[in-house]
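See below for the structure under consideration.
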Amino acid sequence: MKIATGFFVFFMMTACSPIRLVNGLSPSSHYQMAKSVAYGAADRQRLDLYAPRSTTKPAPIVVFFYGGGWNDGKKKNYEFVASSLTRAGYVVVIPD
């Protein structure tokens, strides 16, 4: 019962957003992040780059494109994707 209560409180603290909940539960200590790196002049031409901390050799790169028709959505909503992939040894790029 204690776990369920804690989960409920955490869910309420994240403003009931499933994405914020999943991102909040995803660990981040195993990667380093470069946030909002510009790849163009427009406001939304920014990307977040995630790299595993423990990599000593070149790692494969995954570019994750979320839905939204290039004009909707936010890269920060998909940090949980980067968490999972960096744990598996990938460098992850999530562009807006």
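The values are calculated or read from the model by the stated rules, or taken from the named source; none is laboratory data. No experiment lies behind these values; they were computed from the predicted model shown. Note that each Cβ is placed from the backbone with ideal geometry, even for glycine, and that neighbours are counted across all protein chains shown. Side chains included, ligands, DNA and RNA excluded: accessible areas come from the protein's heavy atoms. Shrake-Rupley method; radii C 1.70, N 1.55, O 1.52, S 1.80 Å.
Below is a table of values for the structure above.
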item: Residue check for Pro95: in contact (Cβ under 8 Å) with a residue 12 or more places away in the chain, of a type outside the set (Val, Ile, Thr) and open to solvent by 30 Å² or more (accessible area, probe 1.4 Å); result: no
item: Residue satisfying all of: in segment 53-91; in a loop (DSSP other than H, G, I, E, B), among the hydroxyl-bearing types (Ser, Thr, Tyr) and in contact (Cβ under 8 Å) with a residue 12 or more places away in the chain; most open to solvent (accessible area, probe 1.4 Å) among these; result: Ser54
item: For Tyr50: the one exception among (1) open to solvent by 60 Å² or more (accessible area, probe 1.4 Å); (2) aromatic (Phe, Trp, Tyr); (3) modelled with pLDDT of 80 or more; result: (1)
item: Any hit, segment 34-46, residues being over 23 Å from Gly89 (Cβ atoms), open to solvent by 60 Å² or more (accessible area, probe 1.4 Å) and assigned to a strand (DSSP E or B); result: yes
item: Whichever residue in segment 1-47 is among the small types (Gly, Ala, Ser) and at pLDDT 90 or above and, among such residues, is farthest from Phe65 (Cα to Cα); result: Ala41
